[in-house]
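Laboratory data are not the source of any read-out in this text; all were calculated from the coordinates shown. Since this is a predicted model, take the numbers as computed values, not measurements. Cβ placement follows ideal geometry from the backbone for every residue including glycine, while neighbour counts extend to all protein chains displayed.
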Amino acid sequence: MRIDVLTLFAEMFPGVLGSSILKRAEEMGQVRYQLTDIRRYTTNKHGKVDDRPFGGGPGMVMACQPLWDAVAAVEKQDKTPAHRVLMTPTGAPLTQPTCERLAECERLLIIAGRYEGIDQRVIDRLDPEPISIGDYVLSGGELPAMVLIDAVVRLIPGVLGHDESAHRDSFSAGADRIFDHPHYTRPRVWEGLEVPDVLMSGDHTAIEQWRKQQAEQATRRRRPDLLNESDSV
Ligand code: 9WO
């Protein structure tokens with residue numbers, strides 16, 4: 001998969017893309033990250049990419065020309081058509097099924113906006129898939145873009161090791177896909193607190209049952225909307 005990110009703050013990305021699984025995926029050739037600074041494509045002699053909002057109001061608006069030209073130039077770099085995504089709080093919520101669908105794309109082009117917003121005409125013409133990572137406003141779309149990349153890249157076949165992907169598969173059916181059970185590691189007793197006996201029993205059937213029950217109980221308490229029998233979704 002090739003992932004293009006169009007941003008005014010490319011310097012935010014190397015730490016995230018250069019660590020852990022995202023780095024390993026690139027080193028193994030399963031993904032290529034290409035960051036593009038939108039400012040490079042402005043025709044304004046002072047490098048401006050924003051302007052005051054028509055109709056008045058505070059702040060600035062990202063202008064059409066730099067973003068449009070940046071998308072055109074980046075898309076031309078590779079003949080694989082890109083699936084365009086825009087990070088915006090008014091987008092569809094990013095969910096695990098959405099990540100699974102995006103992981104099938106050969107090429108993603110993610111637009112991370114800044115300022116108070118992007119001129120609606122260039123959004124209308126680019127017609128990207130608008131995606132939100134939650135109901136809050138940030139300073140820009142960069143952090144959401146990194147969240148999306150992390151969630152998607154780990155789903156590309158071969159990116160996770162065998163153990164890790166087996167774990168993923170066991171959580172891939174139905175609305176219980178994001179359930180998790182409590183985890184414990186050494187020491188067996190810490191500050192007088194013991195690890196649950198069942199985990200020390202060696203009885204793998206009992207351990208699986210216990211983990212499933214714990215995950216369901218935690219979900220019922222904290223996120224009942226995620227349970228299959230709930231009709232609130
Ligand atoms: C901000 C905004 C606020 C209220 C209603 C609609 C809105 N759209 C945007 C928007 O697209 N903002 C651009 C990107 C420009 C300003 C900073 N940006 C941004 C993206 N802030 N927060 C996000 C975001 C993206 C995905 N998920 C959560 C928040």
Order by protection proxy (mean Cβ within 10 Å, highest first), peptides 29-35, 218-224: 29-35, 218-224
J(HN,Hα) series, the stretch 36-52, from Karplus relation 6.51 cos²θ - 1.76 cosθ + 1.60, nearest Hz, glycine and proline x: 10, 7, 4, 4, 4, 9, 6, 8, 6, 5, 9, x, 5, 10, 10, 7, 6
Relative contact order of the stretch 16-158, defined on C-alpha pairs under 8 angstrom at six or more residues apart (%): 27
Scattering profile of the stretch 1-130 at q = 0.10, 0.14, 0.20, 0.22 Å⁻¹ [log10 I(q)/I(0), Debye over alpha-carbon scatterers]: -0.35, -0.67, -1.29, -1.47
Protection-proxy order for peptides 182-190, 104-112, each taking the mean of Cβ atoms within 10 Å per residue, highest first: 104-112, 182-190
Relative contact order, percent, the stretch 176-232 [alpha-carbon distance under 8 Å, six or more residues apart]: 40
Projected label distance in nm at ASP135 and VAL195, using a 7 Å step from Cα toward the beta-carbon: 4.0
Value of [θ]222 nm, deg cm²/dmol, for the chain, DSSP H segments ≥ 4, -39500 (n - 2.57) each, nearest 500: -10000 deg cm²/dmol
Inter-label distance, nm, simple model (7 Å from Cα along the C-beta direction), ARG221/GLU106: 4.9
The stretch 1-66 - convex hull of the alpha-carbon atoms, volume per residue in Å³: 118
Pairs of lysines in the chain (C-alpha under 29 Å apart; 8 or more residues apart or interchain): 4
At least 15 Å along the helix axis (C-alpha) and Kyte average at least 1.0, DSSP helices within the chain: 142-153
Distribution of pairwise C-alpha distances over the stretch 176-232, 10 Å bins, in %: 21, 41, 28, 9, 1
Inverse of mean 1/r across different Cα pairs in the chain, Kirkwood, Å: 20.4
Cβ crowding within 10 Å averaged over residues, with 142-150, 192-200 ranked highest first: 142-150, 192-200
